[in-house]
1. Can you tell me, using C-alpha contacts under 8 Å and at least 6 residues apart, the relative contact order of the chain as a whole percent?
2. Using all C-alpha to C-alpha distances in the chain, build P(r) with 10 Å bins and read off the rounded percent in each one.
3. To test your reading of the geometry: what angle, between 0 and 90 degrees and rounded to tens, separates the Cα axis of helix 83-99 from the longest principal axis of the chain?
4. If amide H atoms are built 1.01 Å from N in the plane of the peptide, which residues on other chains or at least 5 residues away come under 5 Å of the amide H of Val71?
5. Grab the other residues whose beta carbon is less than 14 angstrom from that of Ala96, score K and R as +1, D and E as -1, and report the net.
6. Which of Ile95, Ile55 has the fewest other C-beta atoms within 10 Å, and how do the rest follow up to the most?
7. As a footprinting exposure proxy, order Val32, Val71 by other Cβ within 10 Å, with the fewest listed first.
8. Based on alpha-carbon atoms only, what is the radius of gyration of the stretch 32-83 relative to the globular estimate 2.2 N^0.38 Å?
Amino acid sequence: MSRPWYESRPPAWSRTRPAHLASLILASLVAVWMLLGPDAIASMATGPRYVMLLIALWGLGAGFTHGVGLVPHHPHRAWLLGAPLSWCLLIITLIALSMS
């Protein structure tokens, strides 16, 4: 019987050097954009602003964690701080920043 997806490790491609570099570049891009243009998120309504900050900060933390090569040993933490989720959160943040 196979284990559920969340009890297994993230895919092998997410542990390659190009994937780490992509995470680091994407997280750096979002961090610089948020530092240079904080009014993009500050101009949102209160409810969406807090949700967007949560998504952005989680994506930044996961992106930098994965980008510098830190891989958690626990499978749940590996998914929460791994490439697939961090890339999705960072792309959502980039879309939201570009629209405002």
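No value in this document is a laboratory result; all are computed from the given coordinates. Quick caveat: nothing in here was measured; it's all calculated off a predicted structure. No Cβ is skipped: glycine too gets one built from the backbone with ideal geometry, and neighbour counts run over all protein chains shown.
1. Values: 109 pairs, mean separation 38.8, N = 100.
Relative CO of the chain lands at 39 percent.
2. 17, 44, 26, 12, 1, 0
3. It is inclined by approximately 10 degrees.
4. Here the answer is none, since no amide H 5 or more places off falls under 5 Å of that of Val71.
5. Details: positive: Arg49; negative: Asp39.
Around Ala96, the surrounding residues sum to 0.
6. Working: Ile95 10, Ile55 16.
So the ranking, lowest neighbour count to highest, is Ile95, Ile55.
7. Least to most surrounded, the residues fall as Val32, Val71.
8. Numbers: Rg = 13.5 Å, N = 52, 2.2 N^0.38 = 9.9 Å.
Dividing the Cα Rg of the stretch 32-83 by 2.2 N^0.38 Å gives 1.37.
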